[in-house]
Each structure stands twice: as structure tokens, then as C-alpha cells.
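Below is one structure; the comments refer to it alone.
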Amino acid sequence: MAAIPESVHEHTTATAIIRWYEKQSESPRPHLGASEIGKPCDRDLWYSFRWSSAKNFPGRVKRLLNRGKREEDLLLEELRALGIEVYEVDPETKQQHRFEALGGHFGGSCDAIGRGFPEAPKTWAIAEFKTHNAKSFGELVKSGVGRAKPEHFAQMMVYMGLAELDRAIYLAVNKDTDDIYSEWIHFDKNVFESLMKRADRVINADTPLERVVDDPTWYQCKWCNHFGLCHENRVAKKSCRTCAYATPADGGWHCGLYDRGLLYAEQVLGCRAHLFIPALVPYGEPQDSGDGWVLYKHKATGQMFANVAEDCAPIDGASCYTSAELSVIPNSMVGDNMIDAIKEQFPGSRVVA
């Protein structure tokens, strides 16, 4: 049978489903999540907390994540069938069990809290549900969650510590075979306190923290959402959280330029006065700054360029770019004479993606 041309595949129902998932927008998480704090790289955590890179998961991955949520409902049904008392929401608030710390900048929501598990029937415990492929599931069964999935282990430690519970149950499903693995976890105060200190360090750092390795071929780096920013000299995404004027405050974010709190919707967009934290312009070496501008020297070309607020006048002797422009222009084109000439000939013109 002759192969079906790719153009035909593009119009299948299966492709339409995946593209539907791709069109679903993802709002950035307002806090540093307990589900992330066990990741190996401090810089990755800082970039995520500062919304430095946009998350662009393929449609297939988004659908896969959605499957994990569906599995939670099935596990809850099965636990109740065993006579286990389990609550996926707080009976009083009717909301998920949510835990916050460090001024509301760190926390998360557990899958459930329950009592009556065979491991210790009288003990209340955090319940976390996860799905795995066959390889990952095999490693989990062999090594346990602490070694096989340190991010999941850290997540449960945080929830136990913030909920003041000393047990958790980890339930994992093999998506390929439907096998189930359970592990009873004991609270470790030292681990919890170490994770809290790490979260505090990430939240309060003014600049990116150390990365786990400097090698861009390292397997963990290749899959990182911030690879372009960390290893390819790309500039961060514009938002209040990447702006030099913004800092985390108790219960929210504060703008130093306008001396006021920032709403979530404002943080996502960033304002016309936005100027990047200099470290988020990785190919630029800061030279000087003033009202509405930061002057850089291109590390590779020696070209002088400036990150300017949208209402800032041109800086003499430098190519000027707003933060929105720096987010999309390749670093090799920064200072390009043709771009400068076009912008001079057409005042108000901007570089766009």
C-alpha cells in the first residue's frame, strides 16, 4: 500500500484533536509550586518563578497531562470502594486542600487527604496520585519514590510539613499495563526545612541562581523549558516578573517605579516602562543606565545597544529596543544597520516576531 502523504494526515480527526489541545492557552503559575521544588536546577526554578520563558507544550503532551487528571478520579473511586475516608476537597471550603508559605509565593494543592489506608488505618495522610509509562514505573518499583522521582517525593514532604501531617501515600499507575504501585511515606523534618530554605532562596534572589551544569548537552538541560535563555543567549519573555523594577512582596508583587502592588493580569503583560533585569539579556554587558533605559555592550560584536522604555527618547550612539523587541529579535541582529535605518525612517515602528 502506498504511503499516505503528510498533507492528508494533517486533515485527520486525530490531528484536529491534538491541535485543539495546542490552542488551549496556559496561564503562568502565580507561585513557586511544591511540585517543582524537587527539580535539580536552582536556575530553572528561578526562571520559572520569574516567568522568564513561555511554556509551549505540544498538544500530545497537554493531552497526556489531562489523562493524569482523569486517573485521579478513578483512584478516588477505588479508594472509597475500599472503605477509605478520602477528601479531594476541603469539606468546609469546597476547594482543593491548598497550602501556602513564604508570603504566598510558595505552595500548592495536594490531590487528597485521607484516613483508613491499610498501611495505618487510623492515620491521616496526604495522598498524591501520579501516572507513569512502563519504564518510569519499573524504576519506581525498583528504587522507591525518593530515588526514582525526587520531585514527587519533595512535593509530598512540603505538603506534609505545611499541613502538619506526618504521613503521605503515593499511588502510581502504569499507563501501559494499569498496574498500581503504592508507597507509604514518613515525614522528614530535615528534608522539609531544606526544601523551604531552597524555596526562600529562589523567591528572594534578584538574579538567576546557579544552574545544575554548564553543559548544554546534559540530558536535563535539553528538556528544560528555559534552554534557549540559559544556553542559547535568548532574551527572556516580557512580564512584570522579568522587570528590574518588580520584586516579590508579602502576598504579592510590588513595582518600585510606581510604588504600588501589581495585579496578576498586570504582571502577565508588563507595562510600557518595562526594563529587563540585566541578567535576562544574556549577550549584553551592562554599561550605564538612566531614566527609562539600560545601555549594553554586545559581548560578541561589541555593538552598543539599549533596552528602553516604550516612551523613552533614543539613546545617542546605541541601537534602541523595547523589551518586547528584545524578546523576539535574534541576538545576531541586534545593532543591525538596516533595522536601525528602518526604525529611524518610520518612527514608532517596532521589531515583532
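Here is how the numbers come out for the structure above:
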{"read-out": "Burial order of peptide ranges 156-166, 101-111 (average beta-carbon count within 10 Å, highest first)", "value": "156-166, 101-111"}
{"read-out": "Beta bridges by DSSP in the chain, antiparallel share as percent, to the nearest 5", "value": "75 percent"}
{"read-out": "Rg followed by Dmax, in Å, when the chain is reduced to its Cα trace", "value": "23.9, 76"}
{"read-out": "Label-to-label distance, nm, for residues given as I180 and L269 (7 Å Cα→Cβ offset)", "value": "4.8 nm"}
{"read-out": "Structure-based [θ]222 nm, the chain - -39500 (n - 2.57) summed over DSSP H runs of at least 4, per residue, nearest 500", "value": "-9500 deg cm²/dmol"}
{"read-out": "Note, ³J(HN,Hα) from phi for the range 77-85, Karplus 6.51, -1.76, 1.60, rounded to Hz, x at Gly and Pro", "value": "4, 5, 5, 5, 5, 7, x, 7, 7"}
{"read-out": "Label zone at T93 (point 7 Å along Cα-to-Cβ), backbone N below 17 Å, the range 24-45", "value": "30-35"}
{"read-out": "Cross-link table K39/K62; K39/K197; K55/K222, entries beyond 18 Å C-alpha to C-alpha", "value": "K39/K62"}
{"read-out": "Helix 134-143 axis, angle to the chain major axis (alpha carbon atoms, nearest 10°)", "value": "70 degrees"}
{"read-out": "Angle between the chain longest axis and helix 13-23 axis [Cα atoms, degrees, rounded to 10]", "value": "60 degrees"}
{"read-out": "Antiparallel %, DSSP beta bridges [both residues in the range 28-204], to 5", "value": "65 percent"}
{"read-out": "The chain: angle of helix 189-204 to the longest principal axis, Cα-based, in degrees nearest 10", "value": "20 degrees"}
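Read the figures in this text as sums done on the coordinates, not as results from a lab. Keep in mind that this is a model prediction, so the values were computed, not measured. No Cβ is skipped: glycine too gets one built from the backbone with ideal geometry, and neighbour counts run over all protein chains shown.
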